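Chemist: One structure, as structure tokens, below. Some questions next.
The values are calculated or read from the model by the stated rules, or taken from the named source; none is laboratory data. Treat the numbers as computed from the prediction; the structure is a model and nothing was measured. Heads up, the Cβs are rebuilt from the backbone with ideal geometry, glycines too, and the neighbour counts pull from every protein chain shown. Keep in mind that these areas ignore ligands, DNA and RNA; they rest on the heavy atoms of the full protein, side chains included. Shrake-Rupley method; radii C 1.70, N 1.55, O 1.52, S 1.80 Å.
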Amino acid sequence: MDAFSVSIVNALAEPQMKWPKRILVAGVYAFFQFIMPMIGWLCVHTIAQAFAVFQKFIPWIALALLAYIGAKMIVESLRGQSEECKACQKRDCQNCASNPAKPLALATLLLQGVATSIDALSVGFTTAGYGLAMAAAACLIIAAVTFAICLTGLLIGKAASKKLSSRAQIAGGAILIFIGLEIFVRGIFF
């Protein structure tokens, strides 16, 4: 669900995203949702003691990454608009056309992939009783579902961006920060 929400945010920020990039975005999230539980499974079978110490930092890492990306998105959105564009709020305005949304960078996409899937490391613990083939099959199912859900999120975000207009990036940044807080609270208190 975190990857789904961030997919919506990415489409809000970049509503003109083409299909190849949508496939890339969904694929990156699916990859991380596959690899993180596999790493967790591997840790249980190799270095479980060392990983147990790291596990308590997972909510902090997710919060820091998503808060950074969300705040950066908000700041860039506020800096990128002239006063005329802030007052105008029209999607097809000639003045606003000079300030298009900044495309999603690969580095940002990878950070989002890690941040939204880092808590999936603990899923590897639940598959510890599985053999390698069973664990990989479970992780492939997770990846396939993530891919489909993220493509859906990108389509929902594109549709919502038309309604939110120039406030889409600000809303997206706020959502990322909220997701980071949600992961943090869930990891610390539950």
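Chemist: Let me make sure I get this right: for the stretch 1-73, a, b and c are the square roots of the gyration tensor eigenvalues over alpha carbons, sorted descending. Under 1.5 in a/c it's rounded, otherwise prolate if a/b > b/c, else oblate. Which is it? Don't skip to the end; give the middle numbers.
Modeler: Values: a/c = 4.16, a/b = 1.75, b/c = 2.38.
Oblate shape, in that a/c is at least 1.5 and b/c is the bigger or equal ratio.
Chemist: Then there's this: From the protein chains alone at 1.4 Å, what is the descending order of accessible area for Phe178, Phe57, largest first?
Modeler: Descending accessible area places them as Phe178, Phe57.
Chemist: Step through the residues of the stretch 2-15 one at a time and calculate ³J(HN,Hα) from phi using the Karplus curve (6.51 cos²θ - 1.76 cosθ + 1.60, θ = phi - 60°), rounding each to whole Hz and writing x for Gly and Pro.
Modeler: 5, 5, 4, 5, 5, 4, 4, 4, 4, 6, 5, 6, 9, x
Chemist: Next question, about the same structure. Could you work out how far apart the two model spin labels at Glu76 and Ala174 are, taking each label as a point 7 Å from the Cα in the direction of the beta carbon, and quote it in nm?
Modeler: With each label point 7 Å from Cα toward Cβ, the separation is 2.0 nm.
Chemist: Go through Lys18/Lys162; Lys72/Lys163; Lys18/Lys72 and tell me which ones have a Cα-Cα distance over 20 Å in this structure.
Modeler: Lys72/Lys163; Lys18/Lys72
Chemist: Here's another thing I want to ask about it. Arg22 accessible area, nearest 10 Å², 1.4 Å probe?
Modeler: Per-residue accessible area (Arg22): approximately 10 Å².
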